[in-house]
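Undergrad: Please find one structure pasted underneath; my questions will follow.
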Amino acid sequence: MQFIAFESGIEVNGQTVYSIVDALGSFKKLAHEILLPSGIGNMTKNGYEIKMDEWYSQTSWLRAFEMIAKEIGEATLKRIGTKIPENAKFPPWVKDIDSAIKSIDIAYHMNHRKNGTIMFDPDTGKMLEGIGHYGYERIENENMIISKCKNPYPDSFDLGIITAMAKRFELKANIYHDDSKECRKNGGESCTYIITW
Ligand SMILES: [Zn+2]
């Protein structure tokens with residue numbers, strides 16, 4: 001299912017949340033019209049504010065996505081996804097399409113925390129469970145990666161993240177949703193994306 005957190009007590013950092021503001025571009029007014037009623041950010045005397053080093057409730061962040069899906073549309077969800085690699089923290093070892101797709105799950109956990117603890121520790125390699133995953137499966141002897149995404153974020157948003165990360169290293173990469181598999185838009189638990197180049 002899209003938009004419903006797997007667990008309570010999960011938060012996302014301000015840098016990641018800022019992707020919505022970034023994606024809406026000149027419609028920045030609209031970003032706060034979505035984020036503020038979702039419970040993210042504050043109105044200050046200088047206008048709407050998200051703090052980059054602040055943590056925000058994942059439930060509120062998912063509520064913002066649901067509003068965007070209803071009121072703006074799927075294309076915007078994808079666009080927000082493409083802005084994630086520019087805004088969120090990513091590990092430093094990303095150097096090709098394989099490490100790029102593999103890094104999404106690590107970055108995902110680095111940008112969320114559970115009961116106050118960041119969900120991936122690069123020093124120990126320890127990952128906390130509770131937000132699902134972004135899959136990475138390399139098909140041998142072919143330029144193909146399968147990514148099964150089992151997390152509460154919307155389908156089109158994940159397509160955007162994967163597309164941006166793949167095209168960073170393989171400009172001609174094709175990324176598509178495997179319609180033969182279950183889909184979160186229809187109440188499924190995951191979506192599967194195929195990346196070829
Ligand atoms: Zn889907």
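Undergrad: Anything in the stretch 85-101 that is touching a residue at least 12 places away in the same chain (Cβ under 8 Å) and outside any loop (DSSP other than H, G, I, E, B)? List them, or say none.
TA: Of everything in the stretch 85-101, those that are touching a residue at least 12 places away in the same chain (Cβ under 8 Å) and outside any loop (DSSP other than H, G, I, E, B) turn out to be P85, E86, N87, I97, D98, A100, I101.
Undergrad: If I filter the stretch 155-197 down to residues being free of Cβ contacts under 8 Å to residues at least 40 places away in the same chain and of a type in the set (S, T, N, Q), which single residue comes out as surrounded by the most Cβ atoms within 10 Å (Cβ to Cβ)?
TA: Taking the candidates together, the pick is N174.
Undergrad: Checking A164 against (1) within 12 Å of the ligand (Cβ to nearest atom); (2) out of contact with any Phe, Trp or Tyr (no Cβ under 9 Å at 6 or more places or on another chain); (3) among the aliphatic types (A, V, I, L, M), which single condition isn't satisfied?
TA: In the conditions (1) within 12 Å of the ligand (Cβ to nearest atom); (2) out of contact with any Phe, Trp or Tyr (no Cβ under 9 Å at 6 or more places or on another chain); (3) among the aliphatic types (A, V, I, L, M), A164 misses (1) alone.
Undergrad: Next question, about the same structure. Could you identify the single residue in K102, K78 that is crowded, with 20+ Cβ neighbours inside 10 Å, among the basic types (K, R) and farther than 26 Å from I4 by Cβ? Walk me through it before giving the result.
TA: Details: K78 fails: farther than 26 Å from I4 by Cβ.
Unique residue meeting the criteria: K102.
Each row is one residue, and each column tells you yes or no for (1) within 13 Å of the ligand (Cβ to nearest atom); (2) over 25 Å from E11 (Cα atoms); (3) among the β-branched types (V, I, T).
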site: N115; (1), (2), (3): no, no, no
site: G132; (1), (2), (3): no, no, no
site: K148; (1), (2), (3): yes, no, no
site: E170; (1), (2), (3): no, yes, no
site: K181; (1), (2), (3): yes, yes, no
site: Y193; (1), (2), (3): yes, yes, no
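Undergrad: Given the criteria in a helix (DSSP H, G or I), closer than 17 Å to I131 by Cβ and aromatic (F, W, Y), does Y56 qualify? Show your work before the answer.
TA: Values: in a helix (DSSP H, G or I): no; closer than 17 Å to I131 by Cβ: yes; aromatic (F, W, Y): yes.
Against the criterion (in a helix (DSSP H, G or I), closer than 17 Å to I131 by Cβ and aromatic (F, W, Y)), Y56 does not qualify.
This table checks each residue for (1) among the aliphatic types (A, V, I, L, M); (2) touching a residue at least 24 places away in the same chain (Cβ under 8 Å).
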| residue | (1), (2) |
| --- | --- |
| H112 | no, yes |
| N115 | no, yes |
| I118 | yes, no |
| I131 | yes, yes |
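Undergrad: Any chance the stretch 111-129 includes a residue that's under 16 Å from T192 (Cβ atoms) and modelled with pLDDT of 95 or more? Give the steps one after another, and end with the answer.
TA: Let us first name the residues in the stretch 111-129 that are under 16 Å from T192 (Cβ atoms), namely none.
No, the stretch 111-129 contains no residue that is under 16 Å from T192 (Cβ atoms) and modelled with pLDDT of 95 or more.
Undergrad: Please specify each residue of the stretch 108-133 satisfying the condition of being on the phi < 0 side of the Ramachandran plot and in contact with a Gly (Cβ under 6 Å, 6 or more places away or on another chain).
TA: The initial filter retains those residues of the stretch 108-133 that are on the phi < 0 side of the Ramachandran plot, namely 108-114, 117-124, 126-129, 131, 133.
Of everything in the stretch 108-133, just one residue is on the phi < 0 side of the Ramachandran plot and in contact with a Gly (Cβ under 6 Å, 6 or more places away or on another chain), namely K114.
Undergrad: In the stretch 140-169, what residues are more than 25 Å from I20 (Cα to Cα) and in a loop (DSSP other than H, G, I, E, B)?
TA: Kept after step one, since they are more than 25 Å from I20 (Cα to Cα), are these residues of the stretch 140-169: 140-146.
Once the filter is applied, which keeps residues that are more than 25 Å from I20 (Cα to Cα) and in a loop (DSSP other than H, G, I, E, B), the stretch 140-169 yields E140, N141, E142, N143.
The values are calculated or read from the model by the stated rules, or taken from the named source; none is laboratory data. Being a predicted model, the structure only gives us computed values, none of them experimental. Every residue, glycine as well, gets a Cβ built from its backbone with ideal geometry; the counts of neighbours run over all protein chains shown.
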